[in-house]
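A.B. asks: Quick one: the structure is below, questions incoming.
The values are calculated or read from the model by the stated rules, or taken from the named source; none is laboratory data. From a predicted model like this one, the values you see are computed outputs, not experimental measurements. Every residue, glycine as well, gets a Cβ built from its backbone with ideal geometry; the counts of neighbours run over all protein chains shown. The accessibility values were calculated without ligands, DNA or RNA, using every heavy atom of the protein model including side chains. Shrake-Rupley method; radii C 1.70, N 1.55, O 1.52, S 1.80 Å.
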Amino acid sequence: MLQFAQFGAGRIGAIHAANLAASGRAALRHVVDVHAPSAAALAAKHGAQVSDTATALADPAVGAVIIASSTDTHADLVIAAAEAGKAIFCEKPIDLSLPRVDACLAAVAKAGVPMLVGFNRRFDPNFAELHRRIGAGAIGAVEQVVITSRDPGPPPVSYIKVSGGLFRDMTIHDFDMARWMLGEEPVEVFATGAVLVDKAIGEAGDIDSAMIILKTASGRMAHINNSRRAAYGYDQRVEVHGSAGRLIAGNRVGTTVEQADGKTVATDLPLHFFLERYADAYRIELAAFLDAVEKGTPMPVGAEDGRQALVLADAAYRSLTEGRPVKIG
């Protein structure tokens, strides 16, 4: 049974630890977190021990790590885990700086260890089925991808200030989805944004609403629209238009019950929080990581995918600042 050291005992760390325990294929051995009570609680729940980074990585029984700590710790932990010879599951982003990401990729390549970047949306059953049908030719050649991603409400401004901004924190998921659905690398980015939700976000130097257009060398296009506010819940939808039809993956709702009367037809609102919306995706994502480690097969979402999403995020900020399309590469 594969033994894990986990860095981060917050809400996403708790999800990964629970999924490890439920898998029956792996066990949590070490928990590392700067907040001692959180580390102790999570370790006690799963029969692990509270450790520091050096102890966890020096343990020969540990074969893999989960990095679910704050973003500013990811790069150092990736490099240290690679040098210790551990398989790596790292939440997005690898880092907010492209040179630091490149240093991580170099360390991973030198050590020859597998690494998965946590773009969990690829593992959502509905999005995965949509992607499978694209590959099966269900709608012919892909021409346009439309991604809607709106949070139910903005995070605290204290988080905004250290998040790296909307494009690196939130849209980075959508950049990865766009690359995946387009089947080609974008070569041009045009981004526009505004502060429409909370003026404090603008005062912190960020935007809370955006629209982005990506274009590939063959002319395929993706449109991403983001907002930090959706009064009706967590809005996560994808539409792909092709030469022979279209595919749509809609929101997850509380129930599929539909009520109709003489005035209206009503359904439940979308699930409100990302941990609910993507509960299945987190579980499947971990299973995919375990499969790849056990079988020695390539990771379904690798370190290079993390890098490419950040490249697009950086280009989007440049486009936003300069008010023009920006070429990639």
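A.B. asks: Size of the stretch 24-128 along its principal axes in angstrom, Cα-based, largest extent first?
C.D. replies: Principal-axis extents of the stretch 24-128 (Cα, largest first): 36, 35, 26 Å.
A.B. asks: Give me the percent of the accessible area of the stretch 1-98 that comes from carbon and sulfur atoms, probe 1.4 Å, all protein chains in place.
C.D. replies: On the way: 2200 of 3850 Å².
Of all accessible area on the stretch 1-98, carbon and sulfur atoms account for 57 percent.
A.B. asks: Across the stretch 213-269, how large is the tail of the calculated P(r) beyond 15 Å, expressed as a percent of all Cα pairs? Provide the component values of the computation, followed by the final result.
C.D. replies: Numbers: 1082 of 1596 pairs.
Looking at the stretch 213-269, the distances longer than 15 Å represent 68 percent of pairs.
A.B. asks: Starting from the Cα of residue 136, step 7 Å along the direction of its Cβ; do the same at residue 275; then give the gap between the two resulting points in nm.
C.D. replies: Spacing of the two 7 Å Cα→Cβ label points: 3.5 nm.
A.B. asks: Please give the per residue volume of the convex hull enclosing the alpha carbon atoms of the chain, rounded to a whole number of Å³. Spell out each step's value before the answer.
C.D. replies: Details: hull volume 51.2 nm³, N = 329.
Spelled out: Cα convex hull of the chain, divided by residues, is 156 Å³.
A.B. asks: Using a ≥ b ≥ c from the Cα gyration tensor of the stretch 164-273 (square roots of the eigenvalues), is it rounded, prolate or oblate, where a/c under 1.5 gives rounded and otherwise the larger of a/b and b/c decides, a/b for prolate? It would help to have the intermediate numbers written out before the result.
C.D. replies: Numbers: a/c = 2.56, a/b = 1.20, b/c = 2.12.
The shape class here is oblate.
A.B. asks: Quick check for me: using +1 on Lys/Arg Cβ and -1 on Asp/Glu Cβ, what's the dipole size of the stretch 124-213 about its Cα centre, in debye to the nearest 20?
C.D. replies: The calculated dipole for the stretch 124-213 is roughly 100 debye.
A.B. asks: Next question, about the same structure. Calculate for the chain the 222 nm mean residue ellipticity that helices alone would give, adding -39,500 (n - 2.57) per DSSP H run of length 4 or more and normalising by residue count, nearest 500 deg cm²/dmol. If you can, show how the numbers build up before the last one.
C.D. replies: Details: 13 runs with 134 residues, N = 329.
Counting only the DSSP helices, I get -12000 deg cm²/dmol.
A.B. asks: Looking only at 61, 281, 81, which one moves most when the chain is put into a Gaussian network model with springs between Cα atoms under 10 Å?
C.D. replies: Residue with maximal mean-square fluctuation among 61, 281, 81: 61.
A.B. asks: Compute the semi-axes of the equivalent ellipsoid of the stretch 274-329, taking the square root of 5 times each eigenvalue of the Cα gyration tensor, and list them largest first in whole Å. Write down the numbers at each step before the final one.
C.D. replies: Values: eigenvalues 209, 56, 6 Å².
Values for the stretch 274-329, descending: 32, 17, 5 Å.
A.B. asks: Hey, got the dipole for the stretch 34-97? About the Cα centre, +1 on K and R Cβ, -1 on D and E Cβ, debye to the nearest 20?
C.D. replies: Values: 3 positive and 7 negative charges, 53 e Å.
For the stretch 34-97, the charge dipole is close to 260 debye.
A.B. asks: If you count only protein heavy atoms with a 1.4 Å probe, what accessible area per residue comes out for the stretch 1-61, rounded to a whole Å²? Don't skip to the answer; put the middle values down first.
C.D. replies: Values: 2840 Å² over 61 residues.
Per residue, the stretch 1-61 has an accessible area of 46 Å².
A.B. asks: Can you work out the PRE-style zone for residue 327? Point 7 Å along Cα to Cβ, and I want the residues of the stretch 159-190 with backbone N under 13 Å.
C.D. replies: It comes to 187-189, nothing else.
A.B. asks: Averaged over every viewing direction, what's the projected area of the C-alpha convex hull for the stretch 1-68? Give it in nm², one decimal, please.
C.D. replies: Details: hull surface 15.1 nm².
Value for the stretch 1-68: 3.8 nm².
A.B. asks: What angle, in degrees between 0 and 90 and rounded to the nearest 10, separates the Cα long axis of helix 279-295 from the longest principal axis of the Cα atoms of the chain?
C.D. replies: 50
A.B. asks: Then there's this: If each of residue 1 and residue 72 carries a label point 7 Å out from its Cα toward its Cβ, how far apart are those two points in nm?
C.D. replies: 3.7
A.B. asks: Moving on to the next point. Can you give the alpha-carbon Rg of the stretch 194-329 over 2.2 N^0.38 Å, where N counts its residues? Spell out each step's value before the answer.
C.D. replies: Details: Rg = 19.2 Å, N = 136, 2.2 N^0.38 = 14.2 Å.
It is 1.35.
A.B. asks: For the Cα atoms of the chain, what angle does the longest principal axis make with the long axis of helix 36-46, in degrees from 0 to 90, nearest 10?
C.D. replies: The two axes meet at around 90 degrees.
A.B. asks: Something else: Nearest 5 is fine: what % of DSSP beta bridges in the chain come out antiparallel, could you say?
C.D. replies: Values: 34 of 62 bridges.
Approximately 55 percent, going by the DSSP bridge assignments.
A.B. asks: Please report, in debye to the nearest 20, how large the charge dipole of the chain is about its Cα centre when each Lys and Arg carries +1 at its beta carbon and each Asp and Glu carries -1 there.
C.D. replies: For the chain, the charge dipole is close to 300 debye.
A.B. asks: Taking just the C-alpha trace of the stretch 73-205, give me its Rg and Dmax in Å.
C.D. replies: Taking only Cα atoms of the stretch 73-205, I get Rg and Dmax of 17.4, 47 Å.
A.B. asks: Report, ordered by chain and residue number, the lysines lying within cross-link reach of residue 45, taken as a straight Cα distance under 27 Å and ignoring same-chain residues fewer than 8 apart.
C.D. replies: Qualifying lysines at Cα under 27 Å: 86, 92.
A.B. asks: For the chain, modelled as a Gaussian network with Cα springs under 10 Å, which listed residue fluctuates most, 167, 273, 123?
C.D. replies: Of 167, 273, 123, the most mobile in the Gaussian network model is 273.
A.B. asks: Counting only Cα, what are the radius of gyration and maximum Cα-Cα distance Dmax of the stretch 112-169, in Å?
C.D. replies: Over the stretch 112-169's Cα set, Rg and Dmax evaluate to 16.4, 46 Å.
A.B. asks: Taking 25 Å as R0, compute the FRET efficiency from the Cβ-Cβ separation of residue 297 and residue 232 and round it to 0.05.
C.D. replies: On the way: r = 40 Å, r/R0 = 1.60.
It comes out at approximately 0.05.
A.B. asks: Hey, in the GNM for the chain with a 10 angstrom Cα cutoff, which one of 250, 233, 137 fluctuates hardest?
C.D. replies: Greatest mean-square fluctuation among the candidates belongs to 137.
A.B. asks: Would you compute the Debye intensity of the stretch 30-80 from its alpha-carbon atoms alone, equal scatterers and no solvent, and pass along log10 I(q)/I(0) at q = 0.14, 0.27, 0.32 Å⁻¹ to two decimals?
C.D. replies: Log10 of I(q)/I(0), two decimals: -0.34, -1.20, -1.37.
A.B. asks: If one takes the longest principal axis of the Cα atoms in the chain, at what angle in degrees, from 0 to 90 and to the nearest 10, does the Cα axis of helix 11-23 lie?
C.D. replies: The angle comes out at about 70 degrees.
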